[in-house]
Structure formats: C-alpha cells, structure tokens
1. Within segment 157-179, is there a residue that is among the hydrophobic types (A, V, I, L, M, F, W, C), outside any helix (DSSP H, G or I), under 24 Å from E13 (Cα atoms) and at pLDDT 95 or above?
2. Identify, from the list F85, F64, F12, F37, the residue that is in contact with a Ser or Thr (Cβ under 7 Å, 6 or more places away or on another chain) and assigned to a strand (DSSP E or B).
3. Determine which single condition P31 fails, assuming it passes every other condition in (1) more than 19 Å from the chain's Cα centre (by Cα); (2) part of a loop (DSSP other than H, G, I, E, B); (3) at pLDDT 95 or above; (4) not hydrophobic (A, V, I, L, M, F, W, C).
4. Would you be able to tell me the number of residues in segment 106-120 that are surrounded by 15 or more Cβ atoms within 10 Å (Cβ to Cβ) and either part of a loop (DSSP other than H, G, I, E, B) or over 13 Å from the mean Cα position of the chain (by Cα) (or both)?
5. Would you check which residues across segment 132-159 are buried (at least 18 other Cβ atoms within 10 Å of the Cβ) and over 17 Å from T42 (Cβ atoms) and list them?
6. What is the number of the single condition among (1) in contact with a helix residue (DSSP H, G or I) (Cβ under 8 Å, 6 or more places away or on another chain); (2) surrounded by 13 or more Cβ atoms within 10 Å (Cβ to Cβ); (3) within 23 Å of L72 (Cβ to Cβ); (4) of a type outside the set (D, E, K, R) that Y83 does not meet?
7. Give all pairs with beta carbons closer than 7 Å in which a residue from segment 7-23 that is among the basic types (K, R) meets a residue that is part of a strand (DSSP E or B); count only pairs at least 6 apart in sequence or on separate chains.
8. When residues of segment 1-38 are filtered for being more than 25 Å from G152 (Cα to Cα) and not basic (K, R), how many remain?
Amino acid sequence: MKVVWDKFKKVFEDKETGKEYRRIMSGIGWPYDKPGFLVVITEDAEEDFSLVGHPRHLHVVEEFESYVMEELYRSGLKWGKEYLFDSVLGNHENVNRNMWDLCRQEDDPRLTIKPPALEEKLSMVFLRQIVKKMTTAPQKTLHFGEDSTLAGHLHGIASTADMENIKLEQYPALAALGNVLIEAELGRVGDSGGGFRPVRRRYK
C-alpha cells in the first residue's frame, strides 16, 4: 500500500492491483468471555453512482482473534505497516487499553487506540441496523471476504429478540466491526494525519 494524491486528495493505492481507497480503518473489540478481535476494512476511493446516494463500498480485508493481548497488538502493528494506519478504533477507556500500550517495545511505531466518531451511539441495535442497510440488495456496500468469520458472528445474534439489553462489548468481533462501521457512517476524513472528525447527523 502507498499514499498517492488525486486532485489534492490523499488516497491509498494498492501497489499490486492499483485499486485506490479513501480510508483504511482498523477496529478492535477487547477480550471478554470471547477472544479479542481485530479487523481492517477499506473504503473505496470512488463512489458507486449506480446506487442511491452514491455510497462507497467497504471491504473486510483482515481479521484476527485471540485472548492474548500481545498477539492482538502484533497483528495490529503488522497491518498498520502494511495498510499505513497508526491508530485503531476502539474503547480507549477499557482496562485492556493499558495492556495494549504495555505491549509496545521501544523501537515499535506508535499504534494508538482512539474512539470512533459518536462512540456513544454505538450499540447492538445500531450495529444490526447499519449492517442490514449495508448488506441488503440492491444497496449492498459491505463486503466480507471468503474466509471472513464476521458473517457467522452476525448470524449468531441475528435471531436474538432483546437486542437493546445486549452489551456490544460482550461480542468482541461485533464490537470491532461496529467501531469501524460507525466511523465509516458518521465520521468524515480529517484534514491531517488520516484522522476523522465527527459529522453530526440524525441517526436513530
């Protein structure tokens, strides 16, 4: 992956395929009763003018799960170098964040945990709503790889009726996905450092 400039806009270009991405986002769900989960999702640089609202497509390109914080951190570090990101979207107030920081060695590049845009809106209900929106034809914009386990995680809770009382953090894989999707949906590209700033939209 490399950074290129297209009409004064920063985009990421895959060196092998030449495909360009507007954003590359990573999210983490901290270990709970289930293993911690790390995901990397790309957002196409080009809008899809064949769909209503001209959305951009999102692609799940990397996944990893483990109870061991060092393994999660090292995977994040490896993908940060490969996909050119220096922060991971997640709950930065979770106690596991301190363990994440302790994994950093002196010569490691910095890989920080930062909250997604409008983190307070993130819930299982929101995730189900946004996933349904992004995976329903003909407006399908969220794409899982052939080896992705996230679709299975989503299917596992799809039949649960009492979604409002389920804590997203209890499902690290879904928390990781939710952190990226709320950023993709409610955030916008910042003007420095590849960061994001929240867009205040109505979203129920």
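1. Within segment 157-179, the subset among the hydrophobic types (A, V, I, L, M, F, W, C) is 157-158, 161, 163, 166, 168, 173-177.
Those still in the list that are outside any helix (DSSP H, G or I) too: 161, 166.
Next, only the ones that are under 24 Å from E13 (Cα atoms) stay: none.
No: segment 157-179 contains no residue that is among the hydrophobic types (A, V, I, L, M, F, W, C), outside any helix (DSSP H, G or I), under 24 Å from E13 (Cα atoms) and at pLDDT 95 or above.
2. Of the residues listed, the single one that is in contact with a Ser or Thr (Cβ under 7 Å, 6 or more places away or on another chain) and assigned to a strand (DSSP E or B) is F64.
3. Of everything listed in (1) more than 19 Å from the chain's Cα centre (by Cα); (2) part of a loop (DSSP other than H, G, I, E, B); (3) at pLDDT 95 or above; (4) not hydrophobic (A, V, I, L, M, F, W, C), P31 misses just condition (1).
4. Adding up the residues that qualify gives 5.
5. Scanning segment 132-159 gives H153, L154.
6. Y83 satisfies every listed condition except (1).
7. Listed pairs, sorted by first residue: K10/V3; K15/K2; R22/V11; R22/E43; R22/D44; R22/V189; R23/E43; R23/V189.
8. Result for segment 1-38: 15.
The values are calculated or read from the model by the stated rules, or taken from the named source; none is laboratory data. Keep in mind it's a predicted model, so treat the numbers as computed, not measured. With ideal geometry, Cβ positions are generated from the backbone for all residues, glycine too; neighbour counts draw on all protein chains shown.
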